[in-house]
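Data first, discussion second: the structure below is written as structure tokens.
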Amino acid sequence: MPIRINLLAEEQAAEELRRKDPVKRGIWIAGFLVSLVLLWLLKLQCDIWFDQKDLSRINNQWAEIKANYGAVTNNVIKTADIDRKLAALDQLSTNRFLWAPVLNALQKCVVNNVEVTRLRGEQSYVNEAPHDIGSGSTKKTIPGAVVEKTSLYIDAKDSDASQQNYTKFKESLCNSDFFIRTLERRDGFVFDGTLSPPTADPSDPGRTFITFALASHFPEVRR
């Protein structure tokens, strides 16, 4: 039976040990894990880059929306202000003081021997700032407004003062249904100043007359 001698047995055994060396295996495993970590980091970096692009796009969209919102809000404020002014103008046009009914009522209050020489109407508008009334729990703020003040002045002459027609004319005005309703009282007309002394009528020197003035103040209106 032949005897076989392997002269390379020691070298083969050493080579086999080297192949089965746990350190080398550990290095391969560590290299693989490091590769996985690097791939994972690369993926994270890509995700961050894409997310940053999305964030930039969303920020740009938000900036456009915010600008549009600001413009719309300004337009809403301007529209509300215009509507408020239009409503005030409409209220002023529909609730303004009308002089035609006053003149119509005056012509129904004619008294013999009384001649109206001058008729004057005054209207003024006063801006009233907001102000507080009371204090503490009872404190109340009155909003600002425009106060409309209207007055009527009548200059006239009485050609027969002995009959006191000037008083009859005043009473006729005070008892007028229109002025009672409008002035909200029965003594809406008062003498403005004193009666003049008798004066000769230039057109008829044999006659004399006195002049007098009446004044009336309509209720104030807040607008």
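Taking the 0 to 90 degree range and rounding to the nearest ten, how far is the long axis of helix 9-19 tilted relative to the main principal axis of the chain, both from C-alpha atoms?
That helix lies at roughly 10 degrees to the long axis.
Less than 27 Å apart at the alpha-carbon level, and either on another chain or at least 8 residues along: which lysines does that give for residue 43?
Output for residue 43: 53.
Would you mind calculating the gained length between residue 201 and residue 222 on full extension (0.36 nm times residue separation, minus the Cα-Cα distance), in nm to one decimal? Walk me through the numbers before you get to the answer.
Values: separation 21, 0.36 × 21 = 7.56 nm, distance 4.51 nm.
Working it through step by step, the gained length comes to 3.0 nm.
Once you've got the Cα coordinates, tell me which of 108/168; 78/139; 85/149 are over 25 Å apart.
Values: 108/168 13 Å; 78/139 32 Å; 85/149 21 Å.
Pairs exceeding 25 Å: 78/139.
Using every pair of alpha-carbon atoms in the chain, split the distances into 5 Å bins beginning at 0 and state the percent of pairs per bin, rounded to integers.
1, 5, 7, 8, 7, 6, 6, 5, 4, 4, 4, 3, 3, 3, 3, 2, 2, 2, 2, 2, 2, 2, 2, 2, 2, 2, 2, 1, 1, 1, 1, 1, 1, 0, 0, 0, 0, 0
Ordered by packing density, taken as the mean number of other Cβ atoms within 10 Å over each peptide's residues, highest first, how do 103-113, 131-141, 50-60 rank? Mind showing how you got there, number by number?
On the way: 103-113: 13.8, 131-141: 8.2, 50-60: 10.0.
Result, highest mean first: 103-113, 50-60, 131-141.
If one takes the longest principal axis of the Cα atoms in the chain, at what angle in degrees, from 0 to 90 and to the nearest 10, does the Cα axis of helix 22-95 lie?
Taking Cα atoms only, the helix is inclined about 10 degrees.
Since every read-out is calculated from the coordinates, none of them should be taken as a lab result. In this text the structure is predicted, and so the values were computed from the model without any measurement. Reconstructed Cβ throughout: ideal geometry from the backbone, glycine too, with neighbour counts over all protein chains shown.
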